[in-house]
Amino acid sequence: MRSPRSLVALEDLGRIRLSKYFAFRDFLHSEIADLYHISNIPEDPDLALLAGRNLAENLLDPLVETFGPIDIRSGYRSPELNHFGATHVTPQKCAANPKTYAGHIWDRRDAKGRMGACVSVSIPWFAAQYAGGRDWRDLAWWLWDHLPFHEVYFFPKTAAFNLTWREAPEKRILSYIAPRGVLLARGKQPPHARAKAYDDFPAFRHICYPDPPAKSAS
């Protein structure tokens, strides 16, 4: 698929479903793009869509079916947009492009040739408890035990986090919330008693949304 060259083509691209609950349009909004009038259109739509499907199906759909609606803060970023965010926006809002290939830049593979995609997510159900003083690590351990992510990176506002799917995942958790730094790195074992931290969480994928009606054979 070629990069869209018309409004109709861009609308069609945005309508493509990535999973049961998400379409590509859900990940294209950017405050930086809006404010500075920068295009946020993938250069390689096929790669972006494939990476996005893996992200949505493997990581985001399970969140929706466990916690209900989730907030998407930042999804796909075009190389042009991300570079601008890394070099012109103060305070810096984006990492340098090579560091976010197969991250927020879905249509570029990383230095190891791996496909990937990242999205910034906030879970309203948990954010309300975090505002009341709950430890962000309760959610971190739940994510570790339930989702096949590559990396999770927590932020102080609403306990939002970058959630990354990638081929050959390294599985690590980091945070800008105290205690800052690496909570769990690749190859390290989490604490045995971690499940007690989230024993009041909803059951995994317990929400059953209605399926669309079957198509007629006629």
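The values are calculated or read from the model by the stated rules, or taken from the named source; none is laboratory data. What you are looking at is a predicted structure, and each value in this text was computed from that prediction instead of being measured. Every residue, glycine as well, gets a Cβ built from its backbone with ideal geometry; the counts of neighbours run over all protein chains shown.
Check A48, A56 and return the single one that is on the phi < 0 side of the Ramachandran plot, hydrophobic (A, V, I, L, M, F, W, C) and in contact with a Pro (Cβ under 9 Å, 6 or more places away or on another chain).
Going through A48, A56 in turn, the sole match is A48.
If I filter segment 76-95 for residues that are more than 21 Å from A159 (Cβ to Cβ), in contact with a strand residue (DSSP E or B) (Cβ under 7 Å, 6 or more places away or on another chain) and not basic (K, R), do I get at least one hit?
Yes, because at least one residue in segment 76-95 is more than 21 Å from A159 (Cβ to Cβ), in contact with a strand residue (DSSP E or B) (Cβ under 7 Å, 6 or more places away or on another chain) and not basic (K, R).
Starting from residues that are in contact with a Ser or Thr (Cβ under 9 Å, 6 or more places away or on another chain) and of a type in the set (G, A, S), keep the ones in segment 11-39 and report whichever is surrounded by the fewest Cβ atoms within 10 Å (Cβ to Cβ).
S39
Of the conditions (1) at pLDDT 95 or above; (2) part of a helix (DSSP H, G or I); (3) not small (G, A, S), L81 satisfies every one except a single condition; which number is it?
Answer for L81: the failing condition is (1).
Checking the structure you have, find out if any residue of segment 112-121 is outside any helix (DSSP H, G or I), of a type in the set (K, R), surrounded by fewer than 21 Cβ atoms within 10 Å (Cβ to Cβ) and at pLDDT 95 or above.
yes
Out of the residues in segment 88-102 that are among the polar types (S, T, N, Q) and assigned to a loop (DSSP other than H, G, I, E, B), which is farthest from the chain's Cα centre (by Cα)?
T90
Output the residues belonging to segment 122-137 that are farther than 19 Å from R186 by Cβ and in a helix (DSSP H, G or I).
P124, W125, F126, A127, A128, Q129, Y130, A131, W136
Residues checked against (1) modelled with pLDDT under 90; (2) surrounded by 10 or more Cβ atoms within 10 Å (Cβ to Cβ):
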site	(1), (2)
W165	no, yes
E170	no, yes
P179	no, no
A185	yes, yes
P213	yes, no
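Which members of segment 161-179 meet the condition of being of a type in the set (A, V, I, L, M), out of contact with any helix residue (DSSP H, G or I) (no Cβ under 8 Å at 6 or more places or on another chain) and touching a residue at least 12 places away in the same chain (Cβ under 8 Å)?
Result: A168, L174.
Name, by its number, the condition in (1) surrounded by fewer than 20 Cβ atoms within 10 Å (Cβ to Cβ); (2) in a helix (DSSP H, G or I); (3) within 15 Å of the chain's Cα centre (by Cα) that does not hold for A140.
In the conditions (1) surrounded by fewer than 20 Cβ atoms within 10 Å (Cβ to Cβ); (2) in a helix (DSSP H, G or I); (3) within 15 Å of the chain's Cα centre (by Cα), A140 misses (1) alone.
Report, by residue number, each residue of segment 180-199 that is free of Cβ contacts under 8 Å to residues at least 40 places away in the same chain and part of a strand (DSSP E or B).
G181, V182
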